[in-house]
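Quick notes on the structure that follows.
The values are calculated or read from the model by the stated rules, or taken from the named source; none is laboratory data. Being a predicted model, the structure only gives us computed values, none of them experimental. Glycine also receives a Cβ, built like all others from the backbone with ideal geometry; neighbour counts cover every protein chain displayed.
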Ligand SMILES: Cc1cc2nc3c(=O)[nH]c(=O)nc-3n(C[C@H](O)[C@H](O)[C@H](O)COP(=O)(O)OP(=O)(O)OC[C@H]3O[C@@H](n4cnc5c(N)ncnc54)[C@H](O)[C@@H]3O)c2cc1C
């Protein structure tokens, strides 16, 4: 029987990070993935020769000494990751359709303050106060410095006040409030439900700069694979745990795989959705309070996505990827409500990819959507969906295409839809329980599932633990990794890797 120091369950960015961090610290690791391929939301697929990313598309924190830059440096994969920055002048654009107002958001908090004061000349104080608060929160939390991370960070006042409450205290200007809270679409929680601290940590790095990665999320997967091969890290795909045996004093001795194989390991670290973990854990060791807590977690928002190609035959030499969010109104709380039945917000991204040896513009459009939108077909499986679902899908594709062409009329005769995915598609291909994009809804005052589980040598990290998105997922693995490796050894390791 094989014996490991650590089993890591789930090979998305959280599991890859955890496995490599432990491997670099001399642990023998088994990485278990249910899908036929590793990578989770980082993976891409090709349709008609066109590459599409399943989940991850862009990130902040990649600038020199940004927290993602530092994490990649520590993991030894920074050299393999090639960022493609969105335009510095308009890294992120927001169009408020009810007001017909377009805001071009530059990179860098100082540029952003200046630009917003230009848009809202009477709101200088509110704008400064908002960004001062964001910067203060980030200076005190994990989103900036890898050396200062801890699993029990200091609790801040901003953990107990919502984004909505902060904005309402700062200003009465609806458009400014709408613009500052529209970023909540990038983590899928209403401004009235997210703490200001969590919002600040999620947005800070996006304010500083936004980058895509050459090759999409696969760029990360390839980089991790290269370093895995030099360490004692084994990967098993099409695999999942079915049982925990030899449990003494709440310590699991052996882990059983779906193949029936038994594995001994000192620890097992889950990086999958909390509700999936709840289903796997041996029920008799779980308190009612624990089960109720996990069962009560709600879903963050998801997307209905359409991917297409803009093939004009023109040269695209000076192309920079762009992102624009179309918001039908400034009431972001309403737009992020699963019961909202009006036109949803739509994020349109333009990227350059190589298709059949030729550079082509790819358009990925993401309309906010929720598990509730597809609940009528929740028991159906891919390839066997009923006609009602197919009609729903067709209708959304058609609406999204119209909105893309309305915003970019130049696409009228040359935009071709190649691929579409609903919340159900994401659920089934990413093995998530509900198809939401960012795991559980991280609500103000909520006690997320992070760190130790009720059995002593079982742990959890991942996108639902601390902060959503690629960066939050990786940070959760670093923080948990620190307590597994040991604070002193971890600090020495980080110090050495960041100095080199
Ligand atoms: C459409 C979409 C767009 C997004 N865009 C962005 C973006 O632009 N920027 C950003 O930062 N974030 C984005 N996100 C969110 C981001 O992708 C996630 O926050 C992050 O990738 C989550 O990583 P993870 O490792 O925690 O989980 P996942 O990537 O979900 O990985 C979990 C893995 O565990 C596997 N698994 C599940 N159950 C089991 C089991 N029982 N046993 C073994 N394996 C199992 C799954 O197959 C999967 O491979 C997006 C998400 C979606 C869906």
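Structural remarks
- Flag for residue 189 being out of contact with any helix residue (DSSP H, G or I) (no Cβ under 9 Å at 6 or more places or on another chain) and in contact (Cβ under 8 Å) with a residue 40 or more places away in the chain: no
- Residue in the stretch 114-130 that is within 13 Å of residue 210 (Cβ to Cβ) and either free of Cβ contacts under 8 Å to residues at least 24 places away in the same chain or part of a helix (DSSP H, G or I) (or both) present: no
Yes/no matrix, rows are residues, columns are (1) within 14 Å of the ligand (Cβ to nearest atom); (2) outside the structural domain of residue 475 (by TED's automatic domain parsing); (3) in contact (Cβ under 8 Å) with a residue 60 or more places away in the chain:
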| site | (1), (2), (3) |
| --- | --- |
| 226 | no, no, yes |
| 241 | yes, no, yes |
| 246 | no, no, no |
| 251 | no, no, yes |
| 257 | yes, no, yes |
| 271 | yes, no, yes |
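- Residue in the stretch 475-491 that is crowded, with 24+ Cβ neighbours inside 10 Å, over 20 Å from residue 31 (Cβ atoms) and outside the structural domain of residue 201 (by TED's automatic domain parsing) present: no
- Conditions (1) without any contact (Cβ under 8 Å) to a residue 60 or more places away in the chain; (2) within 25 Å of residue 493 (Cβ to Cβ): number failed by residue 68: (1)
- Boolean, residue 412 is surrounded by fewer than 18 Cβ atoms within 10 Å (Cβ to Cβ) and either in contact with a strand residue (DSSP E or B) (Cβ under 6 Å, 6 or more places away or on another chain) or under 21 Å from residue 269 (Cβ atoms) (or both): no
- Only a single criterion out of (1) out of contact with any strand residue (DSSP E or B) (no Cβ under 8 Å at 6 or more places or on another chain); (2) within 30 Å of residue 379 (Cα to Cα); (3) at pLDDT below 95 is not satisfied by residue 496, namely (2).
- Selection from the stretch 457-483 of residues that are part of a helix (DSSP H, G or I) and more than 8 Å from the ligand (Cβ to nearest atom): 474, 475, 477, 478, 479, 480, 481, 482, 483
- Every test in (1) within 13 Å of the ligand (Cβ to nearest atom); (2) outside the structural domain of residue 272 (by TED's automatic domain parsing); (3) modelled with pLDDT of 95 or more is passed by residue 92 save one, and that test is (3).
- Some residue of the stretch 227-248 being more than 16 Å from the chain's Cα centre (by Cα) and part of a helix (DSSP H, G or I): yes
- Inspection of the stretch 415-437 finds no residue satisfying the criterion of being away from the ligand (no atom under 16 Å from the Cβ) and out of contact with any strand residue (DSSP E or B) (no Cβ under 7 Å at 6 or more places or on another chain).
- Some residue of the stretch 78-92 being free of Cβ contacts under 8 Å to residues at least 24 places away in the same chain and in a helix (DSSP H, G or I): yes
- Restricted to strands (runs of 3 or more DSSP E) entirely inside the stretch 1-62, those with at least 3 residues that are closer than 30 Å to residue 416 by Cβ and more than 9 Å from the ligand (Cβ to nearest atom) are 44-47, 50-53.
- The sole residue among 24, 116 that is crowded, with 18+ Cβ neighbours inside 10 Å and in contact with a strand residue (DSSP E or B) (Cβ under 9 Å, 6 or more places away or on another chain) is 116.
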